[in-house]
Amino acid sequence: MINPGTYNITAYQGANYSKTFSITQSDVPFNLTGYTAAMQVREGYSSPDALLSLTSSAGIVLGGTAGTVQISISASQSSAIPAGSYAYDLELTLSGAVTRLLQGSFSVVGNITK
């Protein structure tokens with residue numbers, strides 16, 4: 001079991017957001033070949049509905065042997081989230097085993113220009 005890293009995200013409503021993380025183990029890129037990924041943003045840990053859901057099929061790109069995880073949020077996706085502070089986590093799955101990779105706050109700064 002690994003302890004998830006903490007990374008707090010600030011996204012701007014109505015704007016694209018992209019961030020690439022490099023995953024290493026003993027300073028060597030971690031091979032993500034065969035993994036899938038999922039990330040959700042919710043109002044809190046017990047909130048029933050996700051405000052944003054990304055997967056390795058839509059919004060998350062896993063870099064295989066390079067050990068990178070890129071998350072991308074479109075302007076239309078960020079527009080749909082009300083300004084405020086939320087929580088998120090990002091999980092990796094391989095052969096049914098789930099590992100929480102990242103977690104933290106997810107802040108959305110309101111948009112003035114519409």
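The values are calculated or read from the model by the stated rules, or taken from the named source; none is laboratory data. Just so you know, these numbers come straight off a predicted model, no measurement behind them. Using ideal geometry, Cβ is built from the backbone for each residue, glycine included, and neighbour counts are taken over all protein chains shown.
Looking at Ser47, Ser72, which is the one that is surrounded by fewer than 19 Cβ atoms within 10 Å (Cβ to Cβ), polar (S, T, N, Q) and part of a loop (DSSP other than H, G, I, E, B)? Before the answer, list the steps.
Numbers: Ser72 fails: part of a loop (DSSP other than H, G, I, E, B).
It is Ser47.
Here's the yes/no breakdown for (1) without any contact (Cβ under 8 Å) to a residue 40 or more places away in the chain; (2) more than 18 Å from Pro4 (Cα to Cα); (3) not aromatic (Phe, Trp, Tyr):
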{"residue": "Thr24", "(1), (2), (3)": "no, no, yes"}
{"residue": "Phe30", "(1), (2), (3)": "yes, no, no"}
{"residue": "Pro48", "(1), (2), (3)": "yes, yes, yes"}
{"residue": "Gly59", "(1), (2), (3)": "yes, yes, yes"}
{"residue": "Leu62", "(1), (2), (3)": "yes, no, yes"}
{"residue": "Thr65", "(1), (2), (3)": "yes, yes, yes"}
{"residue": "Gln77", "(1), (2), (3)": "yes, yes, yes"}
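If you take the residues of the range 21-41 that are exposed (fewer than 15 other Cβ atoms within 10 Å of the Cβ) and in a strand (DSSP E or B), which of them is farthest from the chain's Cα centre (by Cα)?
So, considering only residues that are exposed (fewer than 15 other Cβ atoms within 10 Å of the Cβ) and in a strand (DSSP E or B), the one farthest from the chain's Cα centre (by Cα) is Val28.
Just to be sure I understand, how many residues within the range 1-20 are under 15 Å from Leu102 (Cβ atoms), assigned to a loop (DSSP other than H, G, I, E, B) and modelled with pLDDT of 95 or more?
Final tally of qualifying residues: 2.
When you check Thr65 against the structure, is it assigned to a helix (DSSP H, G or I) and either in contact with a Phe, Trp or Tyr (Cβ under 9 Å, 6 or more places away or on another chain) or not small (Gly, Ala, Ser) (or both), yes or no?
So Thr65 fits the description; yes.
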